[in-house]
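Read the structure below first, then the notes.
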Amino acid sequence: MIRHVLIASLIACSPALAQDIPFVDSSERAVPESRTQMQLSFAPIVREATPAVVNVYSRRVVAAQHPFANDPFFSRMFRSQPREQNSLGSGVIVDASGVIVTNNHVVNNATELRVVLADRREYEAEILLTDEATDLAVLRVETDEPLPVMPFDMAGDIEVGDLVLAIGNPFGVGQTVTSGIVSALARTEVGGSDFGSFIQTDAAINPGNSGGALVDMDGELVGVNTMIFSRSGGSNGIGFAIPVEMVRRVVDTALGEGELVRPWLGARLQPVDGDLSRALGLNRPRGALVNEVYPGAAADEAGLRRGDIVMAVDGREINDEAGARFRLATRAAGEAASFTVLRDGDELSLDVPVEPAPGETEPAPFDATGRNPLSGAQLVEMSPAFNERVGLDPFLEGVVIYRVAGRSVAANVFRAGDRVIELMGEPVRDINDLADILQSRDGERIWPIVVERRGRRYETALRLY
């Protein structure tokens with residue numbers, strides 16, 4: 001281990017130090033006990049880790065906006081000209097053949113990518129996989145010799161208070177190393193990712209560090225730095241990294257299946273607060289309460305029930321739905337995650353399969369025609385897969401308006417996202433229901449309709465002239 005090499009080298013230089021430096025097993029953590037220990041250096045770790053951290057330069061074409069772009073008169077006089085935009089980030093070499101992981105937002109919409117190693121070698125890079133939901137991307141460079149690699153720390157034993165190093169290229173000044181500690185684990189409500197359960201650190205992270213490495217004291221990758229909380233744009237000591245478990249899942253997918261399966265739990269989970277924990281008979285707030293289970297989804301198949309309390313997934317404590325989704329997402333398709341559940345005071349273990357949300361992400365659209373108030377609207381049948389793609393509640397069912405043609409009958413009343421609940425007094429459960437109603441009542445003048453818009457229900461009767 002690097003930490004042992006560091007201590008051994010110091011002892012070799014001065015045997016008298018041996019009595020002040022106790023042997024530290026890799027599974028133990030200890031607070032420094034002497035001035036000598038406080039003066040130990042991170043240099044051996046840095047020498048091992050930095051060659052595997054790269055700078056990523058991207059170039060993209062964006063539309064230039066003139067000052068009067070939103071003015072209906074001047075916008076006809078001024079034409080927006082496309083311009084090139086350069087940005088920088090960082091990346092980590094995870095395979096000696098030239099495979100690099102970085103953030104999706106570093107390479108998104110890039111027309112050209114260039115990777116510069118710590119020893120100044122430069123390569124053109126191609127994108128193997130990008131994933132907006134996890135904010136990760138995998139690149140490859142062509143090389144005739146093996147590149148330095150940073151190993152994954154898959155022990156899963158990182159703790160709050162552990163020392164870590166952040167390595168990247170902040171503000172484009174060049175490769176930079178900063179140190180700090182793990183401030184928190186499993187931060188799930190900080191944005192940036194649909195499957196976020198971030199490592200929080202106070203190691204200085206700034207613009208340009210995105211995609212760089214968060215390294216432990218063994219010189220192994222524990223996370224990919226992705227964002228900061230800052231009002232000024234600089235580091236305030238609150239940075240976040242995507243845990244290595246998710247990083248490895250995305251890299252394995254890029255090198256194997258090629259398509260990332262987005263697992264769907266199919267259950268609504270509610271954090272257990274103080275009042276709820278007392279009502280449930282728990283000694284303290286912990287776990288996440290199952291409020292609803294979607295029929296036929298992974299949670300239903302595994303036997304998860306309404307009223308169950310999810311305590312842990314794969315041995316990791318869970319306190320909300322985002323945490324459970326993250327743990328499930330680190331598993332490959334066809335695998336299962338072990339859910340520890342409390343039911344009626346008894347602890348159970350349920351194997352939840354890794355499965356995508358049911359339904360089609362792009363269902364066949366239905367074009368409403370004829371003499372009716374929906375004429376000119378394009379509608380689709382809702383499903384968890386489609387709803388998740390467009391940002392709707394995945395548990396909603398029925399028929400939703402997907403597009404509305406301009407200057408059509410439907411454009412006078414409806415908007416994309418409206419869910420049709422009833423038409424002519426009949427329920428609309430699917431596209432077949434809608435098509436039957438429109439065909440059988442074509443030409444009617446009065447059309448009673450019930451729609452849902454942004455969670456609010458509207459009932460009206462539309463008259464055609």
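The values are calculated or read from the model by the stated rules, or taken from the named source; none is laboratory data. The structure displayed is predicted, hence computed values, not measured ones. Virtual Cβ from ideal backbone geometry, glycine too; neighbours counted across all protein chains shown. With ligands, DNA and RNA removed, areas are computed over all heavy atoms of the protein, side chains included. Shrake-Rupley method; radii C 1.70, N 1.55, O 1.52, S 1.80 Å.
With among the charged types (D, E, K, R) and at positive phi as the only criterion, which of Arg120, Arg114, Arg140 stands out? Checking each option against the conditions leaves just Arg120. State which residue is nearest to Arg463 (Cα to Cα) when the search covers only the stretch 344-383 and only residues that are open to solvent by less than 40 Å² (accessible area, probe 1.4 Å) and assigned to a strand (DSSP E or B). The qualifying residue nearest to Arg463 (Cα to Cα) is Ala377.
Being of a type in the set (A, V, I, L, M, F, W, C), open to solvent by 10 Å² or more (accessible area, probe 1.4 Å) and modelled with pLDDT under 95 is not true of Ala324.
Checked against (1) more than 19 Å from Ala49 (Cα to Cα); (2) aliphatic (A, V, I, L, M); (3) crowded, with 17+ Cβ neighbours inside 10 Å, Ala184 passes all but condition (3). The condition (being farther than 30 Å from Arg415 by Cβ and surrounded by fewer than 20 Cβ atoms within 10 Å (Cβ to Cβ)) is satisfied by just one residue among Ala299, Ala333, Ala329, Ala267: Ala333.
This table checks each residue for (1) free of Cβ contacts under 8 Å to residues at least 12 places away in the same chain; (2) assigned to a strand (DSSP E or B).
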residue: Ala385; (1), (2): no, no
residue: Arg389; (1), (2): no, no
residue: Gly406; (1), (2): yes, no
residue: Arg415; (1), (2): no, no
residue: Arg429; (1), (2): no, no
residue: Trp447; (1), (2): no, yes
residue: Glu452; (1), (2): no, yes
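Of the residues making up the stretch 281-293, those that are modelled with pLDDT of 95 or more and either in a loop (DSSP other than H, G, I, E, B) or over 20 Å from Pro384 (Cβ atoms) (or both) number 1. Number of residues in the stretch 171-220 that are touching a residue at least 60 places away in the same chain (Cβ under 8 Å) and within 23 Å of the chain's Cα centre (by Cα): the value is 17. Considering Val190, Val173, Val222, which residue is of a type in the set (Val, Ile, Thr) and modelled with pLDDT of 95 or more? After ruling out the rest, the residue left standing is Val222.
Give me a count of the residues in the stretch 349-378 that are touching a residue at least 40 places away in the same chain (Cβ under 8 Å) and more than 22 Å from Asp433 (Cβ to Cβ). Of the residues in the stretch 349-378, 8 are touching a residue at least 40 places away in the same chain (Cβ under 8 Å) and more than 22 Å from Asp433 (Cβ to Cβ). Restricting the stretch 396-419 to residues that are more than 30 Å from Val293 (Cβ to Cβ) and open to solvent by less than 40 Å² (accessible area, probe 1.4 Å) leaves a set whose member that is farthest from the chain's Cα centre (by Cα) is Ser408.
Taken together, the residues in the stretch 420-429 that are open to solvent by 50 Å² or more (accessible area, probe 1.4 Å) and in contact with an Asp or Glu (Cβ under 9 Å, 6 or more places away or on another chain) amount to 4.
So that you can scan it fast, the table gives a plain yes or no per residue for (1) part of a helix (DSSP H, G or I); (2) open to solvent by less than 50 Å² (accessible area, probe 1.4 Å):
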site: Ile199; (1), (2): no, yes
site: Pro207; (1), (2): no, no
site: Asn236; (1), (2): no, no
site: Ala241; (1), (2): no, yes
site: Val247; (1), (2): yes, yes
site: Glu257; (1), (2): no, no
